[in-house]
Amino acid sequence: MRFAIMGSGGVGGYFGARLAEAGEDVTFIARGEHLAAIRQDGLAVTSIKGDVSIQPAQASDDPASVGVVDCVIVAVKAWQVREAAEAMRPMVGPDTVVLPLENGVEAADTLAEVLGKGPVIDGLCGILAWIEAPGHVRHAGVDPFVRFGERDNHSSERISRLKAAFDQARGVSAEIPDDIKVAQWSKFLFICAMSGIGSITRSPIGVTRQLPETRLIIERMLEEIDAVARAHGVAFPDDAAARAMQFIDAMPAESTSSMQRNIMAGQPSELESQNGAVVRLGRAVGIETPTNELIHAALLPQELAARAANDSPGAHNE
């Protein structure tokens, strides 16, 4: 299959490299020093699942030059999805599949608004990875997985074909859940609570889950997100919030979320797509979310300042 990786950072760089290693035709969409390094020396991935180097690697900052592909993997940050959707139009033909791997639960809706419902499927992933240096991605934690499916959960040839491609890739497990919405919201449940508590405390999960005061905040966030999900028709099991807390309790003590790391570095973050989304989606169905609302409000001044700084001339460099 012909793949384009829209956003070739930790997530896109890792999964794209694994697909290329397996023999798929992969083009990395990147920019700045990262793009220059990939073009010159290829893409190197240092991974707990085995290192890989794609050399030479196909890379571009111009989707129009790539042309129509079989699958676009969207791995930009959640706040960049709409802009990415507009940019990827030249790569999306009548048979193209668009697979979002963002945190949050709104990326597919945003992509469908721009590209139409036809190409877009639902997806999520799990991995701890980042750009170590231009042209170099480091995968340091989590056994990497992708889960995806048609938005109404029906079986399709294109989903089977996509899974077959991932099944050939080393260091990736691919799954088609029975209910992609439940899978997506289950990840959102724990990652949003982990992001929120980590971002306001600036502490790793091992600290916040042990202190009774901060553990209570985590539990309240989980309860609110659970209620919002059910109000939006997500068929959660009765113990969804308890399962998410068990997952949080089982994580390495030093774990932090990407949102927390961005906020601590003074960078734009996924605040609006995580705790902000809980507040927004809750209001849409009449569910109050006071804990998420407080966290969102407390972090918003810094978020707006980081966005303003990032939008200034010369601030963009991937």
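The numbers here are math on the coordinates, done by the rules we state, and not lab data. Since the model is a prediction, treat every value here as computed from it, not as a measurement. Glycine gets a Cβ as well: all are built from the backbone with ideal geometry, and neighbour counts include every protein chain shown.
About the Cα centre of segment 2-178, how large is the charge dipole given +1 on each Lys and Arg Cβ and -1 on each Asp and Glu Cβ? Please answer in debye to the nearest 20.
Using Cβ point charges on Lys, Arg, Asp and Glu, segment 2-178 gives about 200 debye.
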Cleavage-rule hits, trypsin sites (Lys or Arg not before Pro), segment 121-216, DSSP coil, Cβ neighbours within 10 Å at most 16: Arg151, Arg170, Arg202
Highest to lowest packing among 266-274, 100-108, 12-20, scored as the average C-beta count within 10 Å: 12-20, 100-108, 266-274
Extreme residue, positive dipole direction of segment 1-46, given options Ile38, Ala22, Gly12 (C-beta unit charges): Gly12
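Between Glu86 and Glu132, 0.36 nm times their residue separation minus their Cα-Cα distance comes to what?
So the chain would gain 13.7 nm between Glu86 and Glu132.
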Rounded if a/c under 1.5, otherwise prolate or oblate - segment 34-184, Cα gyration tensor axes: oblate
Degrees between helix 10-21 axis and first principal axis of the chain (Cα, 0 to 90, nearest 10): 40
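Multiply the residue gap between Arg151 and Arg215 by 0.36 nm, knock off their C-alpha separation, and tell me the result in nm, one decimal place.
Contour length minus the Cα-Cα distance gives 19.7 nm.
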For Leu211, net neighbour charge (Lys/Arg +1, Asp/Glu -1) across residues whose Cβ lies under 15 Å away: +1
Vicinal HN-Hα couplings computed from phi for segment 256-272 (Karplus, 6.51 cos²θ - 1.76 cosθ + 1.60; Hz; Gly/Pro x): 9, 8, 5, 4, 4, 5, 4, 5, 5, 8, x, 9, x, 9, 8, 3, 5
Centroid-to-centroid separation of segment 104-141 and segment 258-296 [C-alpha atoms, Å]: 18
Neighbourhood charge, 11 Å Cβ-Cβ cut-off, centred on Ala164 and excluding it, Lys, Arg +1 and Asp, Glu -1: 0
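Quick one: net charge of Arg151's neighbours, Cβ under 12 Å, K/R +1, D/E -1?
Cβ neighbours under 12 Å give a net charge of -3.
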Residue order, fewest to most beta carbons within 10 Å, for Met251, Met91, Met194: Met251, Met91, Met194
Relative compactness, the chain, computed as alpha-carbon Rg over 2.2 N^0.38 Å: 0.96
Segment 215-255 residues near the modelled Met264 label - backbone nitrogen below 19 Å, point 7 Å along Cα→Cβ: 215, 218, 248-255
Highest-first arrangement of 285-297, 237-249, where packing means the average Cβ count within 10 Å: 285-297, 237-249
DSSP-loop trypsin sites (Lys or Arg not before Pro) across segment 58-128, with at most 16 other Cβ within 10 angstrom: Lys117
At 1.306 mPa s and 10 °C, Stokes D of segment 85-151 from Kirkwood alpha-carbon radius, µm² per second: 118
Listed residue (Pro268, Ile225, Ala193) projecting farthest to the positive dipole end of segment 182-310, Cβ model: Pro268
Cβ charges +1 (Lys, Arg) and -1 (Asp, Glu), total dipole of the chain, debye: 240
